[in-house]
Structure formats: structure tokens, C-alpha cells
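Below is one structure; the comments refer to it alone.
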Amino acid sequence: MKPKPGLPAPDPAGAAHSERVAGHIGRLIDEAGGDIPFAAFMQEALYAPGLGYYVAGAPKFGASGDFVTAPEISALFGYVLARQIAGALGETGGDLLEFGAGTGALAVALLERLGELDALPRRYLILEVSAELRECQERRLAAELPDLMDRIEWLDGMPASFSGVVIANEVLDAMPVERFRMEGNSVLEARVSRDDNGFCFRYAPAPRQLEGAVRRIEEYTGSALPHGYQSEWSPGIANWIRDVAAALHAGTILLIDYGVSRREYYAPDRDSGWLRCHFRHHVHDDPLILAGMQDITAWIDFTAVAESAVAAGLDVCGYATQGHFLLHGGLHLELEEFALMTQREQAELSGQVKLLTLPAEMGENFKIIALSKGSVKPPPAFAECDSRHRL
Ligand SMILES: C[S@@+](CC[C@H](N)C(=O)[O-])C[C@H]1O[C@@H](n2cnc3c(N)ncnc32)[C@H](O)[C@@H]1O
């Protein structure tokens, strides 16, 4: 495998693994007659059993991996979230359900602080599609919170009925998206084929579902997308929200991810879309290389999240940037002992706060949206920083 300019060369084991993933996807392309929709490619690259990025063994999170998420940067993120959900857990007497728990870092922080606030959930449920990450979560939670293991359960599918709080941090962005391009007034679907150099894009008239989605976007924004415009649309988020809403009897759903409103997402100057790939802390926009070795993500259209929620019978009860939410959500209470810390600890903590809250870091690009069912009170931080009007 040739190294890509600007990207580190994969190690030999990684390159061999990627060849296997590429071989698997190549066979699917051949079986399908020469190409597959981009969403199918992304699904296989990330989740093909035993092969995909999220289900095979290489480290993904932290310095030795490809990217870092808020719970990996600092436990402060989970501590503030804990303060914000303690009320809803008390009101519903319920459980906490985390989707896509990564290394288990958020679960540890949430449970630690909820314990201190005397607000532990009845059960902490985790629904994780990656068997490898699930094992990692089990090991970490057993080592760090052995006394709470009898409350923690891993689910194999959506629970039948559930009351309490649902949290998903950077999960929606890991769901496969469709890619499209405008050709005059026609909508073309990006499909993945292969040639002598590897995978390549091919464009074909969009199937009805994608065409309909693009026309609804144009109707919403009030203008036709121009020739050459390229972007993404997530077919999976609405179904996922519908399934979570159907399972939720009463409670609050908190979704945190990088994203913007629909007007910003499909603004005329955003004509190359929102797909981003992460490989060893390098961000680039070519999803067709390094199959199975790099993360492929797409920013979220939060207006679509809100619309799907309303269609599924949920209330949208808050929307804010991550920075505002943390600053109004009790971050200062987590820093009360700052003056008593060593200089080194202070520097470390200040660095973490900056990464989580500064607009140029994660503070502005990351948003949190709260959805609810059954008149549960929204997280109190939204009283100070709600910007639902931007959706
Ligand atoms: C970018 S990682 C984020 C991990 C963690 N939440 C964090 O913030 O560090 C995405 C996670 O979502 C999981 N995932 C993706 N789709 C999922 C789904 N439909 N249900 C549950 N987990 C999912 C992945 O396996 C992975 O653990």
C-alpha cells in the first residue's frame, strides 16, 4: 500500500489488515455488479464483522490511536453531564443507557459523580455494536468501579421498555451516510467502485429515497442546490431515533456530536460536504483509502435530529454548544479545589477545560441536543444557554 501524501504510512500489520478489508469490500462490489452505495461502503469499512474499523483490534482512541473524544480528554465532561442528568434520573427513578461507550471513560466519570451526588441509576446499560470495544469497557469498569459492576449491563439490542436517561456521545457521526452531488438540477448518488488504483467514486441517478431527501432539503432552505454541489445525508439517524423513542417510556435523551443546523449544513459555501476521516490524528477527506484502518465520520444536521425526534413523539427540550452547556452546567463546581492543586495539576486541568470549551477547540463545533418524553424536566443548564431557535 502506497503512503498517501501528508498522512503517516500505515504499519505492516495495519496495511495487511486493510488489504483484507479492501478485499472483502471489493468482493461485495463485484457481487453487486460493479458498485455499491457510499453508505454501504462506509458500513463495511467501519463495521464489517471481524474486519471493520470499529470491530477489529487496533487502538482508536487517545495518543496511540486516531482521534480523541471529550470523555477521553477529561473526566470533567462526564462529571458535568452527571450533574445535569441527576434530576431526570431521580424523577424517573430510572436507568441510564449509554450508546457506543467507546473505552468506557464516560461511564466511569458519570457513575463516579452520580455516586457522589447520591443519584446512581438503578442500572447502567450499555449498547455497543463493537464486541472488541465492549470487552474493553468491561475490563475498564471492572477495574475502576468494581463495587458498581452489579448495576452495569451490556445489551445486545434496543431494550423493550426503558425509563431514565439515554446518552450518546459521538455515536450519530459514526452512522453511515449517503453522499450526493448535483448535476444541473439532477441529484446523483455517489457509489463506490474500483479501478486499478483502488476504490473510486461513480455517480448514478439517485434512488427515490435520497432524491426525496435532497428535494426536502431544497424546500427547507428555499433554494435549489447549485450544479456541482456535494454533500451528505444520513438515512440511519431518523430510524435510530424512532427506535430509541419507541423504547423510551419516560425520560431524557442527550445526543452530543459535531454538527450544525440544516441551514448551515447545506449552505451554498459548504459545497464539499461534511465527511471527515481520522487516521493517527490526521484529519482528511478521502474515505476511500485506508479501508478499515481509519475512522470515517460525518457531521450532524441537528435540524434533522430535531425533526426526527418530533416525528417520533419526543419533545426537543434544549440545544446548545458543548462549550456553553459545560460552562452553564456546573463546570465551575468541578473546579472548586483548583486553588489547592499543584501547578502541574492546574496546568493539566486548564488544558482540559480549554479543549472542551474553547470555540476553536470542541466548544463550538460540538453541540448537545436534549430530547424528552413524559414531561421530564430538561437538564438545568439549558435555562441559561438554550439555542433551539438556531435549529
Ligand atoms: C466515535 S466512537 C465514540 C465513543 C465514545 N462515545 C466516546 O465518546 O469516546 C463511536 C462509538 O459508537 C459505536 N456505535 C456506532 N454505531 C452504533 C450504534 N448504532 N449503536 C451503538 N453503538 C454504536 C462505536 O462502536 C463506537 O463505540
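Which strands (runs of 3 or more DSSP E) sit wholly inside the stretch 150-189 and have at least 1 residues that are of a type in the set (D, E, K, R)? Before the answer, list the steps.
Details: elements: 152-155, 162-169, 178-183.
Once the strands (runs of 3 or more DSSP E) in the stretch 150-189 are filtered for at least 1 residues that are of a type in the set (D, E, K, R), what remains is 152-155, 178-183.
Of these, A142, A131, A107, which one is out of contact with any Phe, Trp or Tyr (no Cβ under 9 Å at 6 or more places or on another chain), within 26 Å of R242 (Cα to Cα), of a type in the set (A, V, I, L, M, F, W, C) and more than 9 Å from the ligand (Cβ to nearest atom)? Steps first, please.
On the way: A142 fails: within 26 Å of R242 (Cα to Cα); A107 fails: out of contact with any Phe, Trp or Tyr (no Cβ under 9 Å at 6 or more places or on another chain).
Step by step, each of A142, A131, A107 is checked, and only A131 is out of contact with any Phe, Trp or Tyr (no Cβ under 9 Å at 6 or more places or on another chain), within 26 Å of R242 (Cα to Cα), of a type in the set (A, V, I, L, M, F, W, C) and more than 9 Å from the ligand (Cβ to nearest atom).
Tally the residues that are under 23 Å from L188 (Cβ atoms) and surrounded by 20 or more Cβ atoms within 10 Å (Cβ to Cβ), restricting the search to the stretch 17-28.
Qualifying residue count, the stretch 17-28: 1.
With respect to A48, determine if the residue is surrounded by fewer than 22 Cβ atoms within 10 Å (Cβ to Cβ) and either within 16 Å of the ligand (Cβ to nearest atom) or farther than 19 Å from H284 by Cβ (or both).
yes
All but one of (1) at positive phi; (2) at pLDDT below 95; (3) touching a His at 6+ places or on another chain (Cβ under 7 Å) hold for G184; state the number of the condition that does not hold.
It is condition (2) that G184 fails.
Among the listed residues R151, R113, identify the single one that is away from the ligand (no atom under 16 Å from the Cβ), more than 30 Å from P49 (Cα to Cα) and touching a helix residue (DSSP H, G or I) at 6+ places or on another chain (Cβ under 9 Å).
Values: R151 fails: more than 30 Å from P49 (Cα to Cα).
Exactly one residue qualifies, and that residue is R113.
Limited to the stretch 321-354, what total is found for residues that are among the aliphatic types (A, V, I, L, M) and crowded, with 17+ Cβ neighbours inside 10 Å? Outline the logic, then answer.
Of the stretch 321-354, the ones among the aliphatic types (A, V, I, L, M) are 326-327, 331, 333, 335, 339-341, 347, 349, 353.
Going one step further and asking which of them are crowded, with 17+ Cβ neighbours inside 10 Å, we end up with 326-327, 331, 349, 353.
Residues flagged as among the aliphatic types (A, V, I, L, M) and crowded, with 17+ Cβ neighbours inside 10 Å within the stretch 321-354 amount to 5.
Is it true that I85 is β-branched (V, I, T) and either more than 13 Å from the ligand (Cβ to nearest atom) or buried (at least 22 other Cβ atoms within 10 Å of the Cβ) (or both)? Don't jump to the end; show me each part of the working.
On the way: β-branched (V, I, T): yes; either more than 13 Å from the ligand (Cβ to nearest atom) or buried (at least 22 other Cβ atoms within 10 Å of the Cβ) (or both): yes.
Answer is yes for this residue.
The values are calculated or read from the model by the stated rules, or taken from the named source; none is laboratory data. Just so it is clear, the model here is predicted, and its values are computed rather than measured. Heads up, the Cβs are rebuilt from the backbone with ideal geometry, glycines too, and the neighbour counts pull from every protein chain shown.
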